[in-house]
Amino acid sequence: MPDPERAALVTEAFEICSTGEWTLERLAAEMGHHGLTNRGRADYPEKPLGVSGLASLLTNAAYTGVVHWSGVTYPGVHEPLVSTETFGRVQELLSARAMRGTRERRHHHYLKGLLVCGVCGRRRSIQRSKGTYTYFYCLGQKDRRYPTGCRESYVAADALEAEVKSLYQRVEVPVSWANGLEEMLADEITGRNAASLSEREALAR
C-alpha cells in the first residue's frame, strides 16, 4: 500500500526532476522542506533525504509498479506512483549528468564540468565570490591529493562565456557532415521510440 505520508511527495519529486531544471542538491533541499523523509527505525530517527538517498529513490523502478526478482522484472500488484514516461525522462536526465562528469553541489552554470585548463589539462571548477562574481579556476591548484602546480589565473565566467560563443561562431560544419548528422539523429530518435514502445508493451503484458 502507498505510504500515506510519503507517496504524494515521491510522485512530486519525480515530476519536479523530470523538468530538467533542478539539480539533485536543490531538489533534495526542496523536498526536505516539503516534508519528504526516510522511514527511520527504532534507533534511527526520520530525517530528510540527502543527495544519495534522493538519487536512489529516483532510480527505483518499483515506483512505476514493477518488481525485480533474480534479475527479472515482473508486473507488481502494488499501485504505481510514477508513470513509465516520467520515470524514463528522469533516468535520461540523471544519465546525462553522470556522463557529463559534473558534480552539481553548490553553483550551477551551463559550462560547469565541460571546461578544462589549457595549461595542465585538469577540469575547471566554479566559484562564486561575495555572492555576486562567478569565476572558473583550475582544480590542479586546490587539489591536495593530486596537485599539478598549475598557476593559471581565475577567469570570470562572463569572459569564458564570450569565448565559447566566439568559438561557435567560427565553427562551420561541412555539408556532408550536416546531412550525415541529420540522418544519424533521425535514426536515433526512431530507435529510441521503438525501444520505448517495446518496453511499454512488455510492462503492459
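Going by what's in this entry, would Gly50 be described as surrounded by fewer than 16 Cβ atoms within 10 Å (Cβ to Cβ), touching a residue at least 24 places away in the same chain (Cβ under 8 Å) and over 14 Å from Val82 (Cα atoms)? Against the criterion (surrounded by fewer than 16 Cβ atoms within 10 Å (Cβ to Cβ), touching a residue at least 24 places away in the same chain (Cβ under 8 Å) and over 14 Å from Val82 (Cα atoms)), Gly50 does not qualify.
Keeping to segment 101-159, report how many residues are at negative phi, part of a loop (DSSP other than H, G, I, E, B) and modelled with pLDDT of 80 or more. Count: 13. Only one entry in Glu79, Glu21 is assigned to a loop (DSSP other than H, G, I, E, B), modelled with pLDDT under 90 and of a type in the set (D, E, K, R), namely Glu21. Assessment of segment 16-35 against the conditions (under 17 Å from Phe87 (Cβ atoms), acidic (Asp, Glu), surrounded by 15 or more Cβ atoms within 10 Å (Cβ to Cβ) and in the same structural domain as Glu85 (by TED's automatic domain parsing)) yields no matching residue. Among the residues of segment 66-84, count how many are under 21 Å from Ile16 (Cα atoms) and touching a helix residue (DSSP H, G or I) at 6+ places or on another chain (Cβ under 8 Å). Qualifying residue count, segment 66-84: 5.
Here Val173 meets each of (1) assigned to a loop (DSSP other than H, G, I, E, B); (2) hydrophobic (A, V, I, L, M, F, W, C); (3) in contact (Cβ under 8 Å) with a residue 40 or more places away in the chain with one exception, condition (3).
Of all residues being basic (Lys, Arg) and over 16 Å from Tyr137 (Cα atoms) in segment 147-190, which is nearest to the chain's Cα centre (by Cα)? Just the residue, please. Per the criteria, the residue is Lys165.
The values are calculated or read from the model by the stated rules, or taken from the named source; none is laboratory data. Keep in mind that what you see is a predicted model, and the values were worked out from it rather than measured. Cβ coordinates were reconstructed from backbone atoms using ideal geometry, including for glycine residues, and neighbour counts include every protein chain displayed.
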